[in-house]
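Notes for the one structure printed next.
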Amino acid sequence: LENYKKGQEDNIMFPTAKALRAEEATLDDRREKAKILMICLGIALVLLLIWPMARYAASHLVVENIRIEGSSAYSGEEILSTAELAIGDSLPIFRTGGMENALCTSLPYLKSCKITFELPGTVIITLTDEAPAFCAEIFGEFYAVSADLRVLERADESFSHLIYIELPLVSRAIVGEKIVFADGDDCDHITEFLTLLSNSELDGRIDKVYF
């Protein structure tokens with residue numbers, strides 16, 4: 001019994017090498033997690049300090065020059081009026097996304113828009129035109145649409161050269177936005193086919209396409 005107790009005391013007083021390694025690994029893991037936590041807290045603190053300073057600095061930068069680049073069916077006045085931008089305004093560093101979305105939604109013939117800056121005060125608006133590629137009957141009216149099924153405007157005789165496409169049942173069609181179909185299908189296969197057709201030698205040789 002005394003020998004047994006002695007053996008138990010030895011096990012308690014002198015842990016095995018395996019147990020020591022496991023304890024050391026646990027401590028290393030805790031140290032690593034604590035280090036990562038401190039780094040994250042430091043980054044968060046820096047961001048909290050920089051963000052208000054950046055907004056304050058941006059509010060004191062004003063638009064001194066506006067440069068519109070790329071082709072566009074719209075005048076500079078229309079672009080600036082839609083973007084609600086003018087010389088002397090605060091530099092819109094933190095609202096470019098909203099301005100780009102407003103331009104492409106309100107002006108259907110804009111395919112894309114990118115707003116960048118040249119500090120201290122130049123705003124660059126880069127535009128890409130949308131082109132009417134097809135004509136479709138929607139809710140009893142004819143509309144010019146792009147190859148990706150974006151509604152551009154009501155079609156008259158001047159669009160008679162466009163290929164007529166008969167589409168599945170439409171549930172929503174707003175000028176400046178893509179057509180939404182009643183079955184909920186995004187109809188990627190249709191837009192892929194129309195894009196290929198508009199870029200092929202068949203463009204101009206076909207009068208109608210039915211889906």
Fill in the blank from the handout: Whole-percent carbon and sulfur contribution to the accessible surface of the stretch 19-177 (1.4 Å, no ligands, DNA or RNA) stands at 60 percent
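Size of the dipole of the stretch 74-177 about the Cα centre, Lys and Arg at +1 and Asp and Glu at -1 on the beta carbon, nothing else charged, in debye to 20? Intermediate values should be presented prior to the final figure.
Values: 6 positive and 16 negative charges, 69 e Å.
In debye, rounded to 20, the stretch 74-177 gives about 320.
Of all DSSP beta bridges located in the stretch 110-211, what percent are antiparallel, nearest 5? Each step should come with its number before you reach the end.
Working: 19 of 25 bridges.
Antiparallel bridges: around 75 percent, rounded to the nearest 5.
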Exercise for the section: Select from Phe117, Leu48, Ile138 the residue farthest towards the positive end of the dipole of the stretch 26-175; place +1 on Cβ of Lys and Arg, -1 on Cβ of Asp and Glu, and compute about the Cα centre. Expected result: Leu48
Problem - Thr82 - accessible surface, heavy atoms, 1.4 Å probe, Å² rounded to 10 - result: 40 Å²
Practice task
Kindly report, to the nearest 10 Å², the accessible surface of Tyr210 as traced by a 1.4 Å probe over protein heavy atoms only.
Solution key: 130 Å²
Exercise for the section: Whenever you get a sec, line up Leu167, Leu152 from highest to lowest accessible area (probe 1.4 Å, protein heavy atoms). Expected result: Leu167, Leu152
Completion exercise
Probe 1.4 Å, all chains present, heavy atoms only: Lys35 accessible area in Å², nearest 10, is 120 Å²
Practice task
Please compute the net charge surrounding Tyr109, taking Lys and Arg as +1 and Asp and Glu as -1 over other residues with Cβ under 12 Å from its Cβ.
Solution key: -2
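Whenever you get a sec, line up Val46, Val145 from highest to lowest accessible area (probe 1.4 Å, protein heavy atoms). All intermediate terms of the calculation are to be shown ahead of the outcome.
Values: Val46 75, Val145 0 Å².
The residues order as Val46, Val145, largest area first.
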Completion exercise
Taking only protein heavy atoms and a 1.4 Å probe, the highest-to-lowest accessible-area order of Met99, Met38 is Met38, Met99
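Which of the GluC sites (Glu not before Pro) found in the stretch 154-211 are in a DSSP loop and have at most 11 neighbouring Cβ atoms, other than their own, within 10 Å?
Working: sites: Glu157, Glu166, Glu177, Glu192, Glu201; in loops: Glu177, Glu201.
When the GluC sites (Glu not before Pro) of the stretch 154-211 are filtered for loop state and at most 11 Cβ neighbours within 10 Å, Glu201 remain.
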Completion exercise
Ile124 neighbourhood, Cβ < 10 Å, K/R = +1, D/E = -1, net charge 0
Practice task
Could you give the C-alpha radius of gyration of the stretch 57-211 expressed as a fraction of 2.2 N^0.38 Å, taking N as the number of residues it contains?
Solution key: 1.24
Handout entry: Reachable aspartates and glutamates, given that their alpha-carbon falls under 17 Å from the alpha-carbon of Lys33 and they are not under 8 places away in the same chain
Key = Glu23, Glu24
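The values are calculated or read from the model by the stated rules, or taken from the named source; none is laboratory data. Given the structure is predicted, the values throughout are model-derived calculations rather than measurements. Please note: Cβ atoms are built from the backbone with ideal geometry, for glycine as well, and neighbour counts cover all protein chains shown. Surface accessibility is based on the protein's heavy atoms, side chains included, excluding ligands, DNA and RNA. Shrake-Rupley method; radii C 1.70, N 1.55, O 1.52, S 1.80 Å.
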